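> Structure provided below as structure tokens; questions to follow.
What follows draws every value from the coordinates through simple rules; no lab data is involved. On a predicted model such as this, the values are computed, not experimentally measured, just so you know. Here the Cβ is made from the backbone with ideal geometry for all residues, glycine too, and neighbour counts use every protein chain on show.
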Amino acid sequence: MVNSNRFAKMRRWFRESFALVREWWGTMSGALSIPFAFLALFNVASQRLMFAALAYASLWASVIAQARRISELQKPVPSPNVTVHVGRDLLDVAADFDGLIPAKWVRGRIQNIGDRGVERCRLKLLNVEGETLPPEASRVQNGFLQWQGGIRDSMRLNPGEHWIFDIGTRRPAEYSHLRLCAYFVTGGPLIDCNLEAPGSYTLTLGIYGDNIQSTEHTVRIRIGEHPEDIEFPS
């Protein structure tokens, strides 16, 4: 085992050394050799001296090229960076998801503040907590949140771009429930869960993307007796 590892290291060393020598010789026979060939026509110096000067200059050109490559590799790699916000400024009135009855939509915003796009961005409702949590809360846990407009699929989030996602709805009636909604199959139906009012609840959202590390975001919601009483305590 030791011998095979040593052989692999030696083979890699020879391969890298050969690549450097090949690049050095390539530089010597490239554009850099033109001025030396021109000087040789006028017998400015001996052929041996000209060849040594060409080799020396080519070696320095190779070293500078390698240094530039290392510098490029050390530069920060462009990466996406997402932020999530849920608040009263995103409350919206529109038809409920299962009928024409107007309802107050509780929504969030995810934004890419990085310099690279997020591939297949999606959000999940990982967990729901609260003192008066109904048994059917488990129906929506680990379900995906749809995008505003009813889009139930992963999306690309370009740099500087934001998307609005739906969390739930509340109809205009005293003591109306906050209806959380999620889906489990792309393009599939929404599954809902009714949170009683008044009450305080904590939602844990999961943020996912093919080229980002998954993270969690906590949202606290307090709903009062009146349908307009929806708060997001910090």
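> Just a yes or no: is a residue in the stretch 197-205 surrounded by 15 or more Cβ atoms within 10 Å (Cβ to Cβ), touching a residue at least 40 places away in the same chain (Cβ under 8 Å) and small (Gly, Ala, Ser)? Before the answer, list the steps.
Taking the stretch 197-205 as the starting set, the residues that turn out to be surrounded by 15 or more Cβ atoms within 10 Å (Cβ to Cβ) are 197, 199-201, 203-205.
With the extra rule that they be touching a residue at least 40 places away in the same chain (Cβ under 8 Å), the set shrinks to 199-201, 203-205.
Cutting the leftovers down to small (Gly, Ala, Ser) gives us 199-200.
Among the residues of the stretch 197-205, at least one is surrounded by 15 or more Cβ atoms within 10 Å (Cβ to Cβ), touching a residue at least 40 places away in the same chain (Cβ under 8 Å) and small (Gly, Ala, Ser), which makes the answer yes.
> Of all residues in the stretch 93-125, which are in contact (Cβ under 8 Å) with a residue 40 or more places away in the chain, over 15 Å from Leu180 (Cα atoms) and part of a strand (DSSP E or B)?
From the stretch 93-125, those in contact (Cβ under 8 Å) with a residue 40 or more places away in the chain are 96-98, 101-125; that's our starting set.
Among the residues that remain, those that are also over 15 Å from Leu180 (Cα atoms) are: 101-102, 109-122.
Of everything in the stretch 93-125, those that are in contact (Cβ under 8 Å) with a residue 40 or more places away in the chain, over 15 Å from Leu180 (Cα atoms) and part of a strand (DSSP E or B) turn out to be Pro102, Arg109, Ile110, Gln111, Asn112, Val118, Glu119, Arg120, Cys121, Arg122.
> With the stretch 126-196 as the region, which strands (runs of 3 or more DSSP E) entirely inside it contain at least 1 residues that are free of Cβ contacts under 8 Å to residues at least 60 places away in the same chain and buried (at least 18 other Cβ atoms within 10 Å of the Cβ)? If you could, list the steps in order and put the result at the bottom.
Numbers: elements: 155-157, 162-170, 178-182, 191-195.
The qualifying strands (runs of 3 or more DSSP E) are 162-170, 178-182.
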